[in-house]
Amino acid sequence: MSRDHATADTAINFGPVVLGGSVGDGVYGIPAKGLYTAPRNGTVVAVTSVGGAEGSRGAAAALSCAGSGLDKAALLIEVGGRPPRPTLIASASAHRLEERLAARLPTLRPAARGEVCHLSVAADEDGIAAAGVAAMVARGALAVVHVAPEMLQPLLDASAGPRPDAALLRADLTESRPLVALAVEDLLRRGLWVAVLKRRLGWVTERRAGFGALGSDSGGLPESLLRRILDLGLDG
């Protein structure tokens, strides 16, 4: 995977993380609108929060929706989450992934929800190993792994766990900038691309994302971010 990325010569340089607007806006190192730069072409993305910020689960669900399609469903893994329930309407690709996961992980209960397949695993060593198996089953599709902040390091250090290509952090920079800087530095040192979500998504957006039914025009993650993470080739 190519690691070419734009950086800024500022007092606060997070490598591939651009604090503020898009690269085209020429805003670097200054809190501004929306999100920040994101990893490119990651097939496994870890999502968590920093400094007590809320909304990381909604961001993970929105990312999984954006990475799903008619032919290929994304996998959303919740480390420590409640077992998901299937929705009345789900795509054929989400059902196919649900069946493959059920065959490999018969003690767990994957669920097709809209265009996404959800799976909950325990917040321990066995759960992380199960997440690693699930990510392999979903190979070729996007796997989004949502973890509580205290589980991020165990996830990254586990030999049997999924191998993230990237991380999406939900953080409020006005309150947690030093913590964000430390977290980003550690993730970059591990070779991950990093994105930071400055503002929580709206309640309706999070709810729709949780059902795997978030359309591209529903106020989810910006297209510029999704292009970099998912290489969607969207217009605009």
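The values are calculated or read from the model by the stated rules, or taken from the named source; none is laboratory data. What you are looking at is a predicted structure, and each value in this text was computed from that prediction instead of being measured. Here the Cβ is made from the backbone with ideal geometry for all residues, glycine too, and neighbour counts use every protein chain on show.
Among the residues in the stretch 139-147, are any surrounded by fewer than 19 Cβ atoms within 10 Å (Cβ to Cβ), within 20 Å of residue 211 (Cα to Cα) and either among the charged types (D, E, K, R) or free of Cβ contacts under 8 Å to residues at least 24 places away in the same chain (or both)?
No, every residue in the stretch 139-147 fails to be surrounded by fewer than 19 Cβ atoms within 10 Å (Cβ to Cβ), within 20 Å of residue 211 (Cα to Cα) and either among the charged types (D, E, K, R) or free of Cβ contacts under 8 Å to residues at least 24 places away in the same chain (or both).
Can you run down the residue pairs with Cβ atoms below 9 Å, 6 or more apart or on separate chains, where the first is in the stretch 175-186 and buried (at least 18 other Cβ atoms within 10 Å of the Cβ) and the partner is among the aromatic types (Phe, Trp, Tyr) and not in a helix (DSSP H, G or I)?
Here the result reads 180/14; 184/14, each pair linking the stretch 175-186 to a residue that is among the aromatic types (Phe, Trp, Tyr) and not in a helix (DSSP H, G or I).
Could you say whether any residue in the stretch 29-43 is at pLDDT below 50, out of contact with any strand residue (DSSP E or B) (no Cβ under 7 Å at 6 or more places or on another chain) and among the aliphatic types (A, V, I, L, M)?
Looking through the stretch 29-43, at least one residue is at pLDDT below 50, out of contact with any strand residue (DSSP E or B) (no Cβ under 7 Å at 6 or more places or on another chain) and among the aliphatic types (A, V, I, L, M).
All but one of (1) modelled with pLDDT under 95; (2) closer than 18 Å to residue 221 by Cβ; (3) of a type outside the set (D, E, K, R) hold for residue 61; state the number of the condition that does not hold.
(1)
Filter the helices (runs of 4 or more DSSP H) completely within the stretch 100-210 down to those with at least 1 residues that are within 23 Å of residue 65 (Cβ to Cβ).
Result: 125-137, 149-157, 203-210.
Which pairs have Cβ atoms under 7 Å, sit 6 or more apart or on different chains, and link a residue in the stretch 80-92 that is without any contact (Cβ under 8 Å) to a residue 60 or more places away in the chain to one that is outside any loop (DSSP other than H, G, I, E, B) and not small (Gly, Ala, Ser)?
Close Cβ pairs (under 7 Å, with a partner that is outside any loop (DSSP other than H, G, I, E, B) and not small (Gly, Ala, Ser)) amount to 84/113; 84/118; 86/113.
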